[in-house]
Amino acid sequence: MGERVGLEVSIAAAEAVKMANVDVIAAYPITPQTHIVEHLAEVVADGELDAEFIPVESEHSAMSVCCGSSAVGARTFTCTSSQGLALMNEIVFITASMRLPVVMVLANRSLSGPLSIWNDHSDVMSIRDCGWIQVFVENGQEVFDHIMFAFRVAESQKVSLPLIVNVDGFILTHVIEPVEFWDAETVKNYLPPFKPVNRLHPDNPVTMGAFGMPGIYTETRKAQDSALIEAKPEILKAWQEMADLTGRHYKPVESYHAEGAETLFLTMGSIGETVSVAVDELRAEGKSVGQLSLRLWRPFPFEEFRQAAAGAKRIIVLDRAVSMGGQGGPVATEIRSVLYKEKNMPVVTNFLCGLAGRDVTVEDYKAMFEKASKMSKRRVREEDYILYGVRE
Amino acid sequence: MAVQAKKAPIEPKHPLDDLIRTDRMPHIWCPGCGIGTVFSSCLHAMLASGIDLDKTVMVSGIGCSGRGAGYAKVDSFHTTHGRAIPFATGMKVANPDLHMIVFSGDGDLFAIGGNHFIHAARRNIDMTVICINNLNYGMTGGQVAATTPSLARTTTTPLGNPDSPFNLPLLAYASGATYVARWTMLHTREVTDSIQTCLTRKGFSFVEVLAPCPVNYGRRNKERPLDTLKMYQDKTIIKNGANPAELGVDFKKRVVLGTFVDVERPTFTETYDKLYHKE
């Protein structure tokens, strides 16, 4: 293994991209993603990374460039946030349907309006159904590891799909953390050179992005959905091999004191570490509480989630986005549906919190636990969701 | 949260206080930034032009200049990145009585929103577009923009910019703008006069104002704040009616300022009304 150093998580992310030896980087500046891209511009300029760095005129162009470079067989990386992702939206769907294994770090930030640069998950939830593999990370080390993981999984010939690593904006991107780097040998063993399934090359011409008439469109959709679902074994394999090489074990659903716990928190991203402190304190007070963290969001790990949640009486789902006019948060809505056919289905209590960077502390999570404990164990309409801490 | 008691006004008032949302002060612009001067010119022009300020809307995109819409005490719309012109187009065609002022930066108007600029000029939408050109994306930390001079250093071009910048007056002229001018923020009076002219004439009017960004552009290009202003004084020449093709921004040579286009042609609303709203 490489050295353990303290540095800004954005820089660690860029260093991981450098070690993954990407060929093309195309990005447009947007807070809080900028440090990652600026550092990549530097390492390319310094000759540390032999890649093309393309500072395009908008995110729509960034993702279009990425599609082009990936289509000719170049290892491709981009990075954005919030409105940038919203502007990319059209091409984000194309990338997945063309099966182009672009890797994106999404520095999660709230969507306008009001205009906000702070962290929540409203950006990524807006593209929930785009067909990319989507993972969430909790700290700097996980960011570094998951960039290696991202290229490895996305470019695997059995997968050939784009992948988003969700990194909480500011809360993670701008903090300094200890990160254990991989040495070059480990990277080489883990990440083989990119050999695309199909690529645009004059020796073997193919057409990408062609018209799909009603007679074929449904079948292409089925194929794409299957590809995403069938990526899971490769995802699990990539985590297993990473564990063998680095000693760090990652799972689709991480659990913390979950076994036998009556109440489980469900988190995604950096709030997970704060919640685990709350879990410790609540357990010290004798409360039966544990925690699940959803690392793999797409393809959804149904089996692993049901197993991890088995036996719980209540699940407190912490959503970082609002599904307007729906049932509260997008994650809770999905969790209810995933558990619907379970015997003794746990009550799903949904707290929406930490919108646009509003601080949520250990005390807040403990307060949520207390509030949830006093709520009815029956599933009633009024319990569908609570916007935590809202001033009315 | 308790509403804070309104602070007692500080006397004497600034002459532009009636046009500024003073509760939003202090502004975000850095020491040495040129945007404030242009903003002030714009407000002076709005007052001097005599236009009905109750029928005036300021529209901005994203970026340091984009804060303009939030600071002006008229109806204003702080839009998403690049979309100031189409938002303003919507307002203008729905209510042709409005005076539209688009106050934004080079990154916003000419990179992410470049497409809108050429089409609004082509259609001759009656609006005044003021572009503060500071040669980079200042707000996000000084990345390369579509206006960054060749070979200039930015955070995303550490060895120098390999691309060529837009010649904005040429682009405006070629797209069909009916009024095109360029000044630097040092030419405060000319900027004010130009904007005043735009506000009282019909058609798509464009004013480019070169302005320093000492924190993000100057620092990386060995340009001290006062050096930039000296350059604006020494290396510029006023040549009204100059050939738009010769208006590239290169301070190693002379940068041409002045009014380059001032013509009349029917605006979008006039032609549209003639064809579709026959009375």
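The values are calculated or read from the model by the stated rules, or taken from the named source; none is laboratory data. Here the structure is a predicted model, which means the values were calculated and not measured. Don't worry about glycine lacking a Cβ; one is built from the backbone with ideal geometry, like all the others, and counts go over all protein chains shown.
Details
- Taking the stretch B:139-240 as the region of interest, the helices (runs of 4 or more DSSP H) fully inside it that hold 1 or more residues being under 30 Å from residue B:271 (Cβ atoms) and out of contact with any Cys (no Cβ under 7 Å at 6 or more places or on another chain) are B:168-175, B:188-200.
- Residue, farthest from residue A:18 (Cα to Cα), within the stretch A:171-225, restricted to residues that are touching a residue at least 12 places away in the same chain (Cβ under 8 Å) and exposed (fewer than 11 other Cβ atoms within 10 Å of the Cβ): A:209
- Conditions (1) within 19 Å of residue B:83 (Cβ to Cβ); (2) surrounded by 24 or more Cβ atoms within 10 Å (Cβ to Cβ); (3) out of contact with any Leu (no Cβ under 7 Å at 6 or more places or on another chain); number of the one not met by residue A:76: (1)
Yes/no per residue for (1) part of a helix (DSSP H, G or I); (2) surrounded by fewer than 19 Cβ atoms within 10 Å (Cβ to Cβ); (3) of a type in the set (A, V, I, L, M, F, W, C); (4) modelled with pLDDT under 95:
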| site | (1), (2), (3), (4) |
| --- | --- |
| A:335 | yes, no, yes, no |
| A:359 | no, yes, no, no |
| A:365 | yes, no, no, no |
| A:368 | yes, no, yes, no |
| A:373 | yes, yes, no, yes |
| A:379 | no, yes, no, yes |
| A:382 | yes, yes, no, yes |
| A:389 | no, yes, no, yes |
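- Evaluation of residue A:154 against (1) assigned to a helix (DSSP H, G or I); (2) in contact with a Lys or Arg (Cβ under 6 Å, 6 or more places away or on another chain); (3) among the small types (Gly, Ala, Ser) (one fails), failing number: (2)
- The single condition among (1) within 13 Å of residue B:119 (Cα to Cα); (2) of a type in the set (A, V, I, L, M, F, W, C); (3) touching a His at 6+ places or on another chain (Cβ under 9 Å) that residue B:195 does not satisfy is (1).
- If the condition is being in contact (Cβ under 8 Å) with a residue 40 or more places away in the chain and farther than 18 Å from residue B:107 by Cα, then the stretch B:157-174 contributes B:173, B:174.
- Selected residue (only one of A:52, A:90 is of a type in the set (D, E, K, R) and either within 14 Å of another protein chain (Cβ to nearest Cβ) or under 14 Å from residue A:24 (Cα atoms) (or both)): A:52
- Restricting the stretch A:298-323 to residues that are assigned to a loop (DSSP other than H, G, I, E, B) and within 16 Å of the chain's Cα centre (by Cα), the residue that is surrounded by the most Cβ atoms within 10 Å (Cβ to Cβ): A:320
- Number of residues in the stretch A:58-78 that are farther than 18 Å from residue A:208 by Cα and in contact (Cβ under 8 Å) with a residue 60 or more places away in the chain equals 1.
- Subset of the stretch A:119-149 that is in contact with a Ser or Thr (Cβ under 6 Å, 6 or more places away or on another chain) and assigned to a loop (DSSP other than H, G, I, E, B) - its residue that is surrounded by the fewest Cβ atoms within 10 Å (Cβ to Cβ): A:138
- If the condition is being within 29 Å of residue B:100 (Cα to Cα), among the small types (Gly, Ala, Ser) and within 8 Å of another protein chain (Cβ to nearest Cβ), then the stretch B:114-161 contributes B:114, B:146.
- Residues satisfying the stated conditions in the stretch A:1-14, i.e. crowded, with 24+ Cβ neighbours inside 10 Å and more than 28 Å from residue B:108 (Cα to Cα): A:9, A:12
- Against the test of being in contact with a strand residue (DSSP E or B) (Cβ under 9 Å, 6 or more places away or on another chain), within 14 Å of chain A (Cβ to nearest Cβ) and of a type in the set (Asp, Glu), the options B:106, B:54, B:75 yield a single qualifying residue, B:106.
- When the test is whether a residue is over 21 Å from the mean Cα position of the chain (by Cα), modelled with pLDDT under 95 and among the polar types (S, T, N, Q), residue A:207 passes it.
- From the list B:66, B:82, B:32, the lone residue that is within 28 Å of residue A:55 (Cα to Cα) and surrounded by fewer than 22 Cβ atoms within 10 Å (Cβ to Cβ) is B:32.
- Unique residue being hydrophobic (A, V, I, L, M, F, W, C) and either within 11 Å of chain B (Cβ to nearest Cβ) or more than 20 Å from the chain's Cα centre (by Cα) (or both) when the list is A:107, A:62, A:96: A:62
- For the stretch A:20-33, the tally of residues that are surrounded by fewer than 24 Cβ atoms within 10 Å (Cβ to Cβ) and either within 14 Å of chain B (Cβ to nearest Cβ) or assigned to a helix (DSSP H, G or I) (or both) stands at 1.
- Of the residues contained in the stretch B:217-228, one or more are found to be within 14 Å of chain A (Cβ to nearest Cβ), buried (at least 23 other Cβ atoms within 10 Å of the Cβ) and either touching a strand residue (DSSP E or B) at 6+ places or on another chain (Cβ under 9 Å) or within 28 Å of residue B:139 (Cα to Cα) (or both).
- Selection over the stretch A:273-297 of residues that are part of a loop (DSSP other than H, G, I, E, B) and within 21 Å of the chain's Cα centre (by Cα) gives a count of 1.
- Options A:42, A:57: the member that is over 28 Å from residue A:205 (Cα atoms), touching a Phe, Trp or Tyr at 6+ places or on another chain (Cβ under 9 Å) and not hydrophobic (A, V, I, L, M, F, W, C): A:57
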